[in-house]
Amino acid sequence: MNSYGELAGFDIVRHGRSEFNELRPIKNRDPLYRKFSEAYNLDWRSQETFRLALAVKQKLSLPYSQHDTPMTEEGRRQARATGTGLQDVISVPDAVVISPSPRTMETFECMKEGWPELGEVQEVFCDERIREQEHGLMTLFNDKKVFFALYPWQRELYELDGDYFFRFPNGENAPDANLRLGLWLEDMRRRFANKHVLAVAHFRIILCLRMLLEGFSPEEFTRIDREEGPVNCGVTMYRKESARGKSGKLGLVCYNKKLYD
């Protein structure tokens, strides 16, 4: 997509580890959740699976909205170390754009602790168009399997639509997120032509941005989501290819680079 290539450089950092990210290993250690998973794998439509899904929701759901999910102390450590590591691999950006979620804003604040020069960037602002893909009703359950056990017709629709096109009720699918991100990218191209932009965003947003910039298929999107999803504070970097004697489009330099131990 040639119109995006006028940025000189574009880097995207995923937020640090959040309470939602921390929930997965907690569930994997929990006897109730393991029992639910066994029942779900045996027969996801059974009454026993339904009963266990309700119990898991009671015990292991987070008391936060998707927007307000906070970052953990480990996430703060990751973000500080990422800031420190970034100064060795990129120049100070001309602009920083942050999703308005508390965990992304705190990630940037911690990155500045590791790289104080980031605090000197004049253009730093939030843009809701790079908020995470909305999960709608599933947010109440914090778990796709629990949601499907309680709403089995939604799993039937998911199996028909596939992960790329499926929307949780009151939520978005990937094409919905792509629409707002495409407009955002065009704004960045016009506003910061030949400049370097750093964004702090979310898991699915990074995948959608990659799809828009690299032009891969829904099938490849789903594969990357399943097998190579962005790690917390992973860094994805693009540079204008004309600097390398090419077309002037943004070319991928690295994906999911981890700058902390």
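Being without any contact (Cβ under 8 Å) to a residue 12 or more places away in the chain, in a helix (DSSP H, G or I) and under 15 Å from Phe20 (Cα atoms), is that true of even one residue in segment 71-82?
Taking every residue of segment 71-82 in turn, at least one turns out to be without any contact (Cβ under 8 Å) to a residue 12 or more places away in the chain, in a helix (DSSP H, G or I) and under 15 Å from Phe20 (Cα atoms).
Of everything in segment 160-170, what is in a helix (DSSP H, G or I) and either on the phi > 0 side of the Ramachandran plot or touching an Asp or Glu at 6+ places or on another chain (Cβ under 9 Å) (or both)? Give them in sequence order.
Going residue by residue through segment 160-170, those that are in a helix (DSSP H, G or I) are 160-161.
Of everything in segment 160-170, nothing turns out to be in a helix (DSSP H, G or I) and either on the phi > 0 side of the Ramachandran plot or touching an Asp or Glu at 6+ places or on another chain (Cβ under 9 Å) (or both).
Mind checking which pairs have a first residue in segment 15-41 that is assigned to a strand (DSSP E or B) and a second that is small (Gly, Ala, Ser), Cβ under 8 Å, 6 or more apart or different chains?
Ser18/Gly75
Taking Pro100 as the residue in question, decide whether it is loosely packed, with under 15 Cβ neighbours inside 10 Å, more than 29 Å from Phe192 (Cα to Cα) and of a type outside the set (Phe, Trp, Tyr).
No: the conditions fail for Pro100.
Pick from Glu172, Glu159, Glu113, Glu132: which is open to solvent by 70 Å² or more (accessible area, probe 1.4 Å) and either within 22 Å of the chain's Cα centre (by Cα) or over 24 Å from Ala53 (Cβ atoms) (or both)?
Details: Glu172 fails: open to solvent by 70 Å² or more (accessible area, probe 1.4 Å); Glu159 fails: either within 22 Å of the chain's Cα centre (by Cα) or over 24 Å from Ala53 (Cβ atoms) (or both); Glu132 fails: open to solvent by 70 Å² or more (accessible area, probe 1.4 Å).
From the options Glu172, Glu159, Glu113, Glu132, the qualifying one is Glu113.
Of the numbered conditions (1) in a helix (DSSP H, G or I); (2) in contact with a helix residue (DSSP H, G or I) (Cβ under 8 Å, 6 or more places away or on another chain); (3) under 30 Å from Asn41 (Cα atoms), Leu157 fails exactly one; give the number of that condition.
So the condition that Leu157 fails would be (2).
Across segment 1-13, which residue is modelled with the highest pLDDT among those that are open to solvent by 20 Å² or more (accessible area, probe 1.4 Å) and touching a helix residue (DSSP H, G or I) at 6+ places or on another chain (Cβ under 7 Å)?
Going through the qualifying residues, I end up with Glu6.
Among the residues of segment 225-252, count how many are aliphatic (A, V, I, L, M), buried (at least 18 other Cβ atoms within 10 Å of the Cβ) and at pLDDT 95 or above. Show your work before the answer.
Narrowing segment 225-252 to residues aliphatic (A, V, I, L, M): 231, 235, 237, 243, 250, 252.
Next, only the ones that are buried (at least 18 other Cβ atoms within 10 Å of the Cβ) stay: 235, 237, 250.
Going one step further and asking which of them are at pLDDT 95 or above, we end up with 235, 237.
So the count comes out to 2.
Considering only residues that are open to solvent by 40 Å² or more (accessible area, probe 1.4 Å) and polar (S, T, N, Q), look in segment 14-49 and name the one that is nearest to the chain's Cα centre (by Cα).
Asn28
Restricting attention to segment 50-66, which residues are under 29 Å from the mean Cα position of the chain (by Cα), part of a helix (DSSP H, G or I) and free of Cβ contacts under 8 Å to residues at least 12 places away in the same chain?
Gln58
Any residue at all in segment 68-81 that's among the hydrophobic types (A, V, I, L, M, F, W, C), within 27 Å of Leu185 (Cα to Cα), in contact with a Lys or Arg (Cβ under 6 Å, 6 or more places away or on another chain) and crowded, with 16+ Cβ neighbours inside 10 Å?
yes
The values are calculated or read from the model by the stated rules, or taken from the named source; none is laboratory data. All figures in this text were calculated on a predicted structure; none of them were measured in a lab. For neighbour counting, all protein chains shown are included, and Cβ atoms are generated from backbone atoms with ideal geometry for every residue, glycine included. For the accessible areas, the whole protein counts, side chains as well, though only heavy atoms, and no ligand, DNA or RNA atoms are used. Shrake-Rupley method; radii C 1.70, N 1.55, O 1.52, S 1.80 Å.
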